[in-house]
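Trainee: Quick one: this structure, given as structure tokens, is what I'll be asking you about.
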Amino acid sequence: MLLEFKILMMQFRGVFYFVFCFSIYSLSAQSDERTLMRIGAQEVTVSEFRYIYEKNNGKSADYSQQSLQEYADLYSRFKLKVARARQMQLDTISELKQELEGYRKQLASSYLIDKEVTEYLLRELYDRMKEDVEFSHIFIPVNESAAKTTKDEARNKITEVRTKVLNGLSFEEAAKTYSEDKVTAGKGGYMGFFTAKLPSGFYQLETALYQTKVGEVSDVIETRIGYHLIKVAQRRPARGTVEVAHILVKEDRKSLIDSLYSLLKSGADFDMLALQYSQDKTTSRNGGKLPPFGINVYDKAFEDAAFRLSENGGISAPLQTKSGWHVLKRLNKPQSDSYEVFVRKMKSQISKDSRFEAGRMQLIDDIKKAAGFKEDKSSIQKLVSSLNEEFYSYKWVPDPSLPAVFLFSLGGDEIHTLSDFAAYCRKNTKTRLKYDKTKPYTETIEELYQEFVNETALSFEEKLLPVKYPDFKSLMREYEEGILLFEATRIHVWDKANQDTIGLEAFYSREKSRYMWPEKAAIAQCTLKVSKLKDAEKIANYMRSHSIDETVKKFQKIGTELLVSRTESEKGGKEMEGLEWSTDYTSAIKLGNDTTYMLKKVEKILPPRNKTLSESRGYVVADYQDLLEKEWVSSLGMEFQVTIYHDVLTGLQKK
């Protein structure tokens with residue numbers, strides 16, 4: 001178990017950091033409530049315009065005079081349509097309200113976790129990776145799935161050790177006496193330097209490393225392999241990673257390594273010496289180059305020497321490790337990722353780490369504290385007493401006589417009762433069914449109650465998102481107005497264009513010159529079966545001066561099988577391959593076997609002509625919709641007064 005811990009600590013050495021940071025989404029949320037435009041009675045603030053302008057223009061949002069004016073005109077037309085939709089009371093339609101509420105719940109849930117858990121964990125981890133922490137530990141193992149009594153026994157044991165240390169027993173002596181880490185106990189529990197991120201399941205240990213003061217002893221820490229106490233010895237700026245090459249010779253060849261070092265100091269080629277003399281056969285052929293590495297990968301002397309090299313190309317003095325004698329050359333010292341790059345690399349991994357659940361639970365605790373959470377669980381026993389074996393099945397329904405007595409509250413006025421909790425248990429059939437039927441009702445109800453409280457707390461916080469995060473409020477406004485725009489446009493434009501047959505035909509009559517077939521070639525294709533190519537070419541030569549019909553009539557009389565099809569093609573069409581844009585024919589083209597050939601001939605050139613309404617319907621409907629929309633916007637402009645405050649708009653320009 002301990003070996004697993006040490007291996008994981010080595011493998012997952014990495015890059016992460018933790019600080020509660022909500023600044024990212026306040027980027028464009030800098031409040032500016034000046035009125036930029038007015039559409040009827042509706043005002044558009046600078047904040048609203050800036051948000052939508054930057055979002056929809058992306059990198060093109062240069063705040064130039066032309067860009068701002070064009071987008072202000074576009075946005076005013078959008079707002080006209082939304083104003084009309086509200087006038088039509090489309091925002092009161094139950095189906096649309098349900099759609100919006102469903103979207104709000106979905107967005108709020110992911111937004112809350114993203115803003116207040118994921119970003120928090122990412123920032124915390126990124127900051128932690130800036131320091132290496134040197135520490136010692138005392139370890140009492142216990143299996144993660146062990147019985148509660150076993151865990152309590154282990155916790156009590158290490159708690160007693162902590163008390164002895166606080167009362168004067170040295171940490172080193174305590175580790176030698178009580179720690180069950182046989183690898184480090186003899187060294188006073190010394191672990192060396194470590195850097196975040198620690199493996200999943202060791203987040204609490206990582207947190208203790210970075211929160212315990214130098215020289216102090218932590219509280220008891222629980223990880224997935226047992227319980228720990230740690231004592232922090234020192235902190236230093238994180239070493240990060242380094243890339244070096246080395247030359248290795250055996251321990252008894254000190255004189256050789258000294259000679260090689262002298263040659264290198266005189267300018268000798270490192271790669272050539274590595275190839276000739278290095279006894280690390282895995283690297284000697286590529287100049288002794290090793291993969292980039294961080295702390296705790298190689299022997300401490302090797303690591304220290306590598307990180308002491310201050311510049312690329314620097315050569316270390318000979319150093320000895322268990323492997324032999326080395327000379328190192330620094331090749332590169334990679335820079336730490338910027339926070340933006342770090343987030344792109346690590347965001348998807350955070351949700352899979354045990355720290356994510358810890359962050360979520362911390363968020364819930366913070367919500368409860370901020371909301372003045374109060375509870376009285378005394379009535380829960382009434383629910384437990386009413387349960388029977390059906391509770392662990394889909395058949396169970398709560399006892400209707402359960403009282404609606406107070407259970408807990410959030411924010412003072414949001415009260416949840418025992419009957420609310422019973423309804424939650426009834427609704428969550430899947431959750432109930434996952435429990436072993438031998439599990440005591442008291443334990444199951446307690447777990448369900450905690451889930452109920454947690455979900456309720458998150459829902460409570462979701463309602464505050466529009467206040468805490470202006471961008472969330474903007475997203476919801478954007479989605480709501482998008483729904484209204486869609487419905488209003490459907491009624492005034494799309495449906496009308498498809499259903500107004502008379503209007504569509506009148507539009508087509510006025511504009512039919514826009515819908516033309518271009519000049520086309522009428523092509524006849526003749527497939528024939530003959531035994532020899534020369535027979536096919538004979539028919540092709542005859543077709544040069546005769547029509548297809550004449551050709552078929554002549555050669556069918558002598559038993560040749562000919563099949564004719566006709567098509568039309570514009571210039572450059574696939575059917576024109578091998579033909580000229582005039583009456584022409586092709587030589588015999590073999591079609592996949594020895595007896596089948598194709599002949600093609602342009603019979604005539606068809607002049608341009610108008611498409612019928614049925615032939616051009618898709619284009620006509622689209623153009624008619626454009627006309628209807630322009631007429632609609634024009635009428636809206638007369639119905640709702642549009643005022644754009646150009647002095648405010650001009651003030652947004654960036655020179």
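The values are calculated or read from the model by the stated rules, or taken from the named source; none is laboratory data. Bear in mind that the values here come from a model prediction, so they are computed numbers and not experimental data. Heads up, the Cβs are rebuilt from the backbone with ideal geometry, glycines too, and the neighbour counts pull from every protein chain shown.
Trainee: Filter the range 246-262 down to the residues that are of a type in the set (A, V, I, L, M) and within 18 Å of Leu309 (Cβ to Cβ), then identify the one that is surrounded by the most Cβ atoms within 10 Å (Cβ to Cβ).
Mentor: For the range 246-262, the residue satisfying everything is Ile247.
Trainee: When the residues of the range 304-323 are narrowed to those that are under 18 Å from Leu263 (Cβ atoms), small (Gly, Ala, Ser) and in contact with a strand residue (DSSP E or B) (Cβ under 6 Å, 6 or more places away or on another chain), which ends up surrounded by the most Cβ atoms within 10 Å (Cβ to Cβ)?
Mentor: The extreme case among them is Ser316.
Trainee: Follow-up question, since we're still on this one. What's the number of the condition Val620 fails, among (1) surrounded by fewer than 13 Cβ atoms within 10 Å (Cβ to Cβ); (2) β-branched (Val, Ile, Thr); (3) touching a helix residue (DSSP H, G or I) at 6+ places or on another chain (Cβ under 6 Å)?
Mentor: (1)
Trainee: Moving on. Return the pair list, or none, for Cβ contacts closer than 7 Å from residues in the range 283-296 that are in a loop (DSSP other than H, G, I, E, B) to residues that are crowded, with 17+ Cβ neighbours inside 10 Å and of a type in the set (S, T, N, Q), at least 6 apart or on different chains.
Mentor: Close Cβ pairs (under 7 Å, with a partner that is crowded, with 17+ Cβ neighbours inside 10 Å and of a type in the set (S, T, N, Q)) amount to Gly288/Ser278; Leu290/Thr283; Pro292/Thr241; Gly294/Thr241; Ile295/Thr195.
Trainee: Also, quick follow-up: Output the number of the condition that Lys345 fails; it satisfies all remaining conditions of (1) of a type in the set (Lys, Arg); (2) within 26 Å of the chain's Cα centre (by Cα); (3) more than 30 Å from Lys300 (Cα to Cα); (4) not in a loop (DSSP other than H, G, I, E, B).
Mentor: (3)
Trainee: Which one of these does Asn286 not meet: (1) exposed (fewer than 15 other Cβ atoms within 10 Å of the Cβ); (2) under 30 Å from Tyr126 (Cα atoms)?
Mentor: (2)
Trainee: Checking the condition under 39 Å from the mean Cα position of the chain (by Cα) and surrounded by 14 or more Cβ atoms within 10 Å (Cβ to Cβ), which residue from Ala274, Ala208 passes?
Mentor: The unique qualifying residue is Ala208.
Trainee: So which strands (runs of 3 or more DSSP E) are wholly in the range 544-655 and hold at least 1 residues that are over 20 Å from Ala521 (Cα atoms) and assigned by TED's automatic domain parsing to the domain that holds Val530?
Mentor: 561-569, 596-606
Trainee: Oh, and also: Does Lys300 satisfy the condition of being of a type in the set (Lys, Arg) and crowded, with 17+ Cβ neighbours inside 10 Å?
Mentor: No, not satisfied.
Trainee: Also, I was wondering about something else. Could you say which residue among Thr456, Thr438, Thr442, Thr489 is more than 28 Å from Trp396 (Cα to Cα) and either modelled with pLDDT of 90 or more or β-branched (Val, Ile, Thr) (or both)?
Mentor: The conditions single out Thr489.
Trainee: Return only the number of the condition from (1) touching a helix residue (DSSP H, G or I) at 6+ places or on another chain (Cβ under 6 Å); (2) farther than 22 Å from Ser378 by Cβ; (3) buried (at least 17 other Cβ atoms within 10 Å of the Cβ) that Tyr435 does not satisfy.
Mentor: Only one criterion in (1) touching a helix residue (DSSP H, G or I) at 6+ places or on another chain (Cβ under 6 Å); (2) farther than 22 Å from Ser378 by Cβ; (3) buried (at least 17 other Cβ atoms within 10 Å of the Cβ) is unmet by Tyr435, namely (3).
Trainee: When only residues in the range 363-400 that are touching a residue at least 12 places away in the same chain (Cβ under 8 Å) and of a type in the set (S, T, N, Q) count, which is farthest from Thr118 (Cα to Cα)?
Mentor: That would be Ser386.
Trainee: Looking only at residues in the range 488-538 that are part of a strand (DSSP E or B) and of a type in the set (D, E, K, R), which one is surrounded by the most Cβ atoms within 10 Å (Cβ to Cβ)?
Mentor: The extreme case among them is Lys520.
Trainee: Among the listed residues Ala497, Ala524, Ala488, which satisfies the condition of being in contact with an Asp or Glu (Cβ under 6 Å, 6 or more places away or on another chain) and in contact (Cβ under 8 Å) with a residue 60 or more places away in the chain?
Mentor: Ala524
Trainee: A further question on this structure: Counting just the residues of the range 42-63 that are part of a helix (DSSP H, G or I) and hydroxyl-bearing (Ser, Thr, Tyr), which one comes out farthest from Ser76 (Cα to Cα)?
Mentor: Applying the filter and picking the extreme gives Ser60.
Trainee: Looking only at residues that are in a strand (DSSP E or B) and hydroxyl-bearing (Ser, Thr, Tyr) in the range 199-227, which one is nearest to Ala174 (Cα to Cα)?
Mentor: Ranking the qualifying residues of the range 199-227, first place goes to Tyr227.
Trainee: How many of the residues making up the range 405-439 are closer than 20 Å to Phe391 by Cα and either of a type outside the set (Phe, Trp, Tyr) or over 38 Å from the mean Cα position of the chain (by Cα) (or both)?
Mentor: So the count comes out to 20.
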